[in-house]
1. May I ask you to verify whether G18 is under 26 Å from L164 (Cα atoms), modelled with pLDDT of 95 or more and in contact with a strand residue (DSSP E or B) (Cβ under 9 Å, 6 or more places away or on another chain)?
2. Quick check on my filter: what residues within segment 123-157 are open to solvent by 80 Å² or more (accessible area, probe 1.4 Å) and closer than 22 Å to I187 by Cα?
3. With under 23 Å from S160 (Cβ atoms) and of a type in the set (S, T, N, Q) as the only criterion, which of T112, T123, T68 stands out?
4. Would you check if there is a residue in segment 167-175 being under 21 Å from the mean Cα position of the chain (by Cα) and either surrounded by 18 or more Cβ atoms within 10 Å (Cβ to Cβ) or of a type in the set (F, W, Y) (or both)?
5. Restricted to segment 25-47, and to residues that are over 20 Å from A101 (Cα atoms) and not acidic (D, E), which residue is least open to solvent (accessible area, probe 1.4 Å)?
6. If you take just the strands (runs of 3 or more DSSP E) that sit entirely in segment 104-203, which of them hold at least 2 residues that are touching a residue at least 12 places away in the same chain (Cβ under 8 Å) and of a type outside the set (V, I, T)?
7. How about segment 179-205: which of its residues are of a type in the set (K, R) and over 20 Å from the mean Cα position of the chain (by Cα)?
8. Only strands (runs of 3 or more DSSP E) wholly contained in segment 31-90 count here; list those with 1 or more residues that are at positive phi.
Amino acid sequence: MKQIVSRQVALAGQVVDGVTGEPVSGARVALATVPVKFQRVLDVQRLSRGKEWDSLDERADRRRTNSTGRFCFLDLPSGSYGLTVSLSAGGHRYAPHKATAVVKRNRAGHITPAWVELALPVTIVAGTVSGPGSKPIAFASVHVRGEPVRAYTDKVGHFSLTGLEPGRRSIVVAARGFVTVAHPVSIAKPGSSKTVRISLKPAPS
């Protein structure tokens, strides 16, 4: 007769977009620091899997988020765990994120699952568009040259472009009755934010 082994969720959570709060699927969640007891388990698994260990997408210490951004690790021993989350499919639009969680077992070995919410920092360029006299321009089109990212200014001239690749970019702003401009901006690193103020001149009549 087969013995049924009951497994327990020890550590679970969800990865979300740091701006919208929407779930992020396909993110890699890794246990970067683990208790000594669990490290010994990993060392044995590494030896048994050989060279393929590093390339494994799913391991005892590594998971991918599902379509709802959720993940879980099973049967972890008690102790403190350091997590890192990243999204390679997102290029450099997101910065990696770190968090910690503590797993606790009672004397009977039962686990109270630890839950972590991981928000991936998003690369952002935000700012305002104004005309003569610093008057806000509403409904101006703002986009990044060479990328599909686009936004429109609100009634106070504010806009926000998210999910950009770092580096030197050109922000193109167009509004009816004004001269279109290309504003240079340099985004330092993934997950960073940049604030710009863009002024438009009236189009010649």
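The values are calculated or read from the model by the stated rules, or taken from the named source; none is laboratory data. Note that the structure is predicted; figures quoted are calculated from it, not measured. All Cβ positions, even for glycine, are placed from backbone atoms using ideal geometry, and neighbour counts span all protein chains on display. In case anyone asks, the SASA skips ligands and DNA or RNA and just uses the protein heavy atoms, side chains included. Shrake-Rupley method; radii C 1.70, N 1.55, O 1.52, S 1.80 Å.
1. The answer is no for G18.
2. Hits for segment 123-157 are R145, G146, P148, R150, Y152.
3. Details: T112 fails: under 23 Å from S160 (Cβ atoms); T68 fails: under 23 Å from S160 (Cβ atoms).
The unique qualifying residue is T123.
4. Checked against the condition, which is being under 21 Å from the mean Cα position of the chain (by Cα) and either surrounded by 18 or more Cβ atoms within 10 Å (Cβ to Cβ) or of a type in the set (F, W, Y) (or both), segment 167-175 yields at least one hit.
5. Going residue by residue through segment 25-47, those that are over 20 Å from A101 (Cα atoms) are 25-26, 43-47.
Within this subset, residues satisfying the condition of being not acidic (D, E) are 25-26, 44-47.
Values: S25: 65, G26: 30, V44: 97, Q45: 62, R46: 112, L47: 148 Å².
Ranking the qualifying residues of segment 25-47, first place goes to G26.
6. Details: elements: 114-120, 124-130, 141-144, 150-152, 158-162, 167-174, 181-187, 193-199.
Answer list for segment 104-203: 114-120, 124-130, 141-144, 158-162, 167-174, 181-187, 193-199.
7. Result: R197, K201.
8. Passing ranges, in order: 79-86.
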